[in-house]
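Here's the structure, in structure tokens; my notes come after.
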Amino acid sequence: MLIEASLAKHFLDRYQTVLGYAALAGGLVSKADKEVNGLALMQKARNAMAQDPALLSKAVAAMEKVGEPWPEDMQQALASLRVGHWVYLRDTTAYSVLMETGALEGAYAVKALTEPLKDIMGDSGAIIDAGLLEFHGQIICDGLIGLGAWLGPGYRGEFNATLTEYRANGLFFRDRLLPAPKQKAASPKKRSASKPK
């Protein structure tokens, strides 16, 4: 259920650092802010990086400017970052099962960093908001988790049936995430024609 402790420490140290630099580069916080909710700020920074990949480049450039190393494994992990709503279905002895919501069909064997998802959430069977990444041949959850809703027994049964289909069709992944669907560009607002006077 957990990745190796030394890998988890390496990931967390670098991830928290880059999220801090992303928060500064993205204008989410200033150096002068006295009181900051660290968890909420990290979630905002992570979400901002997922929406705007250029923010990661700015954060890494700021890190390198002050001599903070940015390892290749973290570059690869952050390139795979997917933030969204996931069905947290259940746990096995080796991983937690998370499923796509929305347009993609797939499910993942997800490992946690320092604490199993079930311990963080209290139980499985929920829609959660989280970041998933590919890291050292595994899929990991970044630990910045928000609860969307608990699933009732009927929905759990439906998702378990869907998981069985996904496994049969090769849509259960242990080492890679499906690419995020491309977002449609916002259509321009229609202007109403003004009536001549």
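The values are calculated or read from the model by the stated rules, or taken from the named source; none is laboratory data. Predicted model only: the values in this text are computed from it and were never measured. So basically every Cβ, Gly included, is an ideal-geometry build from the backbone, and we count neighbours across all protein chains shown. Keep in mind that these areas ignore ligands, DNA and RNA; they rest on the heavy atoms of the full protein, side chains included. Shrake-Rupley method; radii C 1.70, N 1.55, O 1.52, S 1.80 Å.
Annotations
- Close amide H partners of Arg90, meaning residues 5 or more places away or on another chain with modelled amide H under 5 Å apart, are Val97, Gly125.
- Here the gap between Ala5 and Gln76, fully extended at 0.36 nm per residue and compared with their Cα-Cα distance, gives a gain of 23.6 nm.
- The apolar share of the surface of region 15-131, taken as the fraction of accessible area on carbon and sulfur atoms (1.4 Å probe, ligands and nucleic acids excluded), comes to 49 percent.
- Length available on full extension from Ala94 to Asp123: 0.36 nm per residue minus the Cα-Cα distance, which gives 8.8 nm.
- Taking 16 Å as the straight-line reach from the Cα of Lys182, the aspartates and glutamates in range (excluding those fewer than 8 positions away in the same chain) are Asp52, Glu100, Glu105.
- Each residue of region 3-15 is assigned a 3J(HN,Hα), and the resulting list reads 7, 4, 4, 5, 5, 4, 5, 4, 4, 4, 4, 6, 5 Hz, derived from the Karplus form 6.51 cos²θ - 1.76 cosθ + 1.60 (θ = phi - 60°), x at Gly and Pro.
- Order of exposure, largest accessible area first, which applies to Arg46, Arg174 with probe 1.4 Å: Arg174, Arg46
- Among Leu104, Gly122, Gly146 the positive-end extreme of the charge dipole of region 46-197 (Cβ point charges): Leu104
- Cα convex hull of region 1-90 - mean projected area over all directions, nm²: 7.0
- Dipole magnitude for the chain: computed about the Cα centre from +1 point charges on Lys and Arg Cβ and -1 point charges on Asp and Glu Cβ, it is near 1320 debye.
- Base-10 log of normalised Debye intensity for the chain (one unit scatterer per alpha-carbon) at q = 0.09, 0.14, 0.19 Å⁻¹: -0.39, -0.84, -1.37
- Each part reduced to its alpha carbon centroid, region 155-179 and region 79-131 end up 12 Å apart.
- Computed with a 1.4 Å probe over protein heavy atoms only, the accessible surface of region 2-112 comes to 50 Å² per residue.
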